[in-house]
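Below is one structure, written out as structure tokens; comments come after it.
Only the coordinates and a few stated rules stand behind these numbers; no lab work does. Model, not experiment: these values are computed from the prediction. Every residue, glycine as well, gets a Cβ built from its backbone with ideal geometry; the counts of neighbours run over all protein chains shown.
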Amino acid sequence: MDNKISPATMKRRKVLKSLLAIPAAMALAGGTFGSLAHASEVNTTGLAVTDDTVKVGILHSVTGTMAISETGSVQAEKLAIEQINAMGGVLGRKIEYIQEDGASDWPTFAEKSKKLLVNDKVAAVFGCWTSASRKAALPVFEQYNGMLFYPTFYEGLEQSPNVIYTGQEATQQILKGIDWAKETKGAKKFFLLGSDYIWPRTSNKIARKHIEKLGLKVVGEEYYPLGHTQFNSVINKIKLKKPDVIFTTVVGGSNVAFYKQLKAAGIDLTKEKPLVLTLSVTEDEILGIGGENVEGLYASMKYFQSLPNDNNKKFEAAFKKMWGEKSVIGDVTQAAYLGPWLWKAAVEKAGSFDVDAIKKTLPGIELTTAPEGYVKVHPNHHLWSKSRIGHAKADGTFDVVYESKELIEPNPFPKGYQ
Amino acid sequence: MLQSKFKSLTPRNDVLSFVVLAVLLLVLLPLLFDIFRLNLIGKYLTFAFVAIGLVLSWGLGGILSLGQGIFFGIGGYAMAMFLKLEASTPENTAIQSTPGIPDFMDWNQLTALPWFWEPFHSFGFTLVAIIVLPAIFAYIIGAAMFKRRVGGVYFAIITQAIAAILTILIIGQQGYTGGVNGITDLRTLLGWDIRTDSAKYILYFVNAILLLAVLVAAQYIRKSKLGRLLVAMRDSEDRVRFSGYDVDNYKIFIFCIAGIFSSIGGAMFTLQVGFMSPSLIGIVPSIEMVIFAAVGGNLSIFGAVYGALIVNWAKTILSESYPEVWLFAMGALFIAVVLAFPKGLAGLYETYLQPKVDKLLDKKLKKDKAE
């Protein structure tokens, strides 16, 4: 037997291949109905893909201190997966998810990522929430060439080929917020306040540079450890310095103490003297703080549950149907919901589940059905998205008072702000 | 004479336990599991170092430290600092405003490597630091407290406080330490890629052999005069003091030894997991380490290894199968073990299995003699 392949055979193979491609293309064009592409063709790297199923991972903390924040993301991802399956799945394959618990413990995130990629061979992972958990899991994703969809707004300074950042990076969230405070509220003096870790520090660094570029003034900058609950001394300082804006990146449980003590100290948020602008209080946090304590608060993010567009109305209804009437949807929850949809679009564009293939198709993927409106993946793996300012009401929802006209370009390594 | 001394050091049962454990770690586990699971087992075993130290200081000496995470952290961070410097070459970090320093320093506007990072360019220094730093630290804590005759609950509380302080310090000084993220993205050890499967195999065996060596050392201490003195001190400190022994120094010594063991475990953790973070130092992980020793049996150095293995294994398996309720199952497991078998797994073995093993061995001995 001659093992060499003759040119004629080559040609025949090419013809065969292109013949095979036709039904695949037809399947793509006609939606995902009954794709004929065989599992071995859409998956050349041994991922957990069969002729009718594909496995993905969900990796968030469902126990420990972060569970309260991450649960929304898990719910959104499950909802997206269920909706995609109801539409016929991805390349004709139903998505099966394997859920792992990161347990609010960063080494556990690394361990579970590895389990999902190496043992379960999942095609993609939707997960991580804190920067620390992402930093712990990131080397695992890069080493085993996995694909992570990360939902949280974060500090930037990172751009991994193995991660799609569906939340905003710091400049998208901050710059327009400060411009807005200056232009519509005439703010001149800012007081920066944050929890003590990488995200607030980087955010405040960018905020300070931008404030100074605009010719305005930072009158104070303070950090408190995670979980800190005594804000009386800083509230006194704020009273002394009389800023126009308190710009806060305090996270988690500290917020409950902060807003209650602010109220107790006689600073009424609705009077806007000073105005409080936050990057870190979403509808989810307000559940814990209590709407009456944050009435009048301004938040700068890309999504609010009250956004009036049709996509969001549908999303909200589906979310409440699946997870109960009382459930609320915060910024990160919406970003988590985008993950499975972006992945589906990239896989179908590539006609393959291979991570290297979707790495090529992901930049440029658009979603016109996103609850936040239209989003598009930038070549730097972050999303183009709008900046919005919400004004908190006593019932725990936000009125959207400002929306940027254009999509803001993601810029994880902002020149001049580092 | 010499032979009898040797015999007293190595009672038959301990030799048997040692051989069984060695076979398990070096032969059975590597054969049974793929490299992913084996790497996890390697991670669990790094906690066994801490648990063995706790058996010596707590089980034998009655010194309950709720801050062993401190020493685990010292070893882990020393190794992580060395690896991070090696990973932060100017070429790898060209995108930063100051290339050549670890990435988190750059994010925190540091423009030069802090002085206390400099020596960690040297691997030799790092190895020495992993042994010497925890010893110095333990000596200072021990001397400050035992010389003042602070013991028991107060000692436990103070060690716990120190663990909390260290965590807060590391998180607060993120420019120098990596903060709450820890030191991540470690790649090579002297040019050898520690992330590959073959490297993970080698690291597993290095780890297992180091653990066996630590067991031998612990056994030596346990059977020596020092070991017997520790037990005497635990049961009646004043009586030992009045017999003319310097109780404080013995306590300091054993606390230092426990610290060094933990530190070795920490260094091996960093090598096998590829990062180090403050979440392994604080109060919760420190208490968990005590639980490993308690489940294994706080009087048995072998029990400590099994305790660390089984508790961590259960943690992994339960959390994989029941991601939302596994913590309750873990809690139930601890309560059950402590209520039903206060002496831990080792106690269980001694009550039920050991008599049978003894009988078996005796029979064989008699048979041998008869022949």
Worksheet item: Considering the dipole of the protein assembly as shown built from charges on the beta carbon (Lys and Arg +1, Asp and Glu -1) around the Cα centre, which of B:TRP58, B:MET289, B:LEU365 is farthest to its positive end?
Response: B:LEU365
Fill in: Quarter of Cα convex hull surface for segment B:232-371, i.e. mean projection, nm²
13.9
Worksheet item: Under unit Cβ charges (Lys, Arg +1; Asp, Glu -1), what dipole magnitude, rounded to 20 debye, does segment B:8-370 have relative to its Cα centre?
Response: 1700
Worksheet item: When Cβ neighbours within 10 Å are restricted to other protein chains, what is their mean count per residue of peptide B:173-181?
Response: 4
Worksheet, complete the sentence: Rounded to the nearest 10 degrees, the helix A:67-86 long axis (Cα) sits at an angle to the longest Cα principal axis of chain A of 40
Worksheet item: Averaged over peptide B:106-113, how many Cβ atoms belonging to another chain are found within 10 Å of each residue's Cβ?
Response: 2
Item to complete: Please list the equivalent ellipsoid semi-axes of segment B:1-156, computed as the square roots of five times the alpha-carbon gyration tensor eigenvalues, in descending order and whole angstrom.
Response: 38, 26, 15
Worksheet, complete the sentence: In degrees rounded to 10, the 0-90 angle between helix B:301-321 Cα long axis and the longest Cα principal axis of chain B is 60
Response to the item:
The Cα radius of gyration of segment A:141-205, divided by 2.2 N^0.38 Å with N its residue count, comes to 1.42
Fill in: Rg/Rg_globular for chain B, with Rg_globular taken as 2.2 N^0.38 Å and Rg from C-alpha atoms
1.05
Discussion item. Step by step: find N for chain A, compute 2.2 N^0.38 Å, then divide the Cα radius of gyration by it. What's the final number?
Written reply: 1.07
Response to the item:
Phi-derived 3J(HN,Hα) across segment B:261-270 with the Karplus relation (6.51, -1.76, 1.60, θ = phi - 60°), rounded Hz, x for Gly and Pro, is 4, 4, 5, 4, x, x, 4, 5, 4, 4
Item to complete: Return A:VAL122, B:VAL284, B:VAL247 ranked ascending by Cβ neighbour count within 10 Å, so the fewest neighbours appear first.
Response: B:VAL284, B:VAL247, A:VAL122
Worksheet item: Mind listing the Cα extents of segment A:260-418 along all three principal axes, in Å, largest one first?
Response: 59, 46, 25
Worksheet item: Taking only the alpha-carbon atoms of segment A:186-281, what semi-axes of the equivalent ellipsoid follow from 5 times the gyration tensor eigenvalues under a square root, in whole Å, largest first?
Response: 19, 17, 10
Worksheet item: From the residues A:THR202, A:HIS38, A:TYR303, which one has its Cα farthest along the dipole of chain A in the positive direction, the dipole being from +1 and -1 charges on Cβ of Lys/Arg and Asp/Glu about the Cα centre?
Response: A:THR202
Discussion item. Under 14 Å between alpha carbons, and skipping anything fewer than 8 positions from A:LYS273 in its own chain: which aspartates and glutamates qualify?
Written reply: A:ASP244, A:GLU295
Worksheet item: Once the mean 1/r over all distinct Cα pairs of segment B:306-371 is inverted, what Kirkwood radius in angstroms do you read off?
Response: 14.4
Worksheet item: What fraction of the DSSP beta bridges in the protein assembly as shown is antiparallel, stated in percent and rounded to the nearest 5?
Response: 35
Worksheet item: Angle, helix A:310-323 long axis vs. longest principal axis of chain A, Cα atoms, 0 to 90°, nearest 10?
Response: 90
Worksheet entry | Projected-area mean, the protein assembly as shown, by convex hull of Cα positions, square nanometres | 43.5
Practice prompt. Go through B:172-178, A:317-323, B:76-82, B:237-243 and give me the packing order, highest mean Cβ count within 10 Å leading.
Written response: B:76-82, B:172-178, A:317-323, B:237-243
Fill in: Charge dipole of segment B:8-370 about the Cα centre (unit charges at C-beta), most positive-ward option of B:ALA135, B:LEU190, B:ILE168
B:ALA135
Discussion item. What does the structure give for B:37-50 when I average, per residue, the other chain Cβ atoms found within 10 Å of the residue Cβ?
Written reply: 1
Discussion item. Cβ neighbours within 10 Å, averaged per peptide: list B:38-50, B:118-130 in order, most packed at the top.
Written reply: B:38-50, B:118-130
Worksheet item: Between segment A:32-111 and segment B:243-322, how many Å separate their Cα centres?
Response: 35
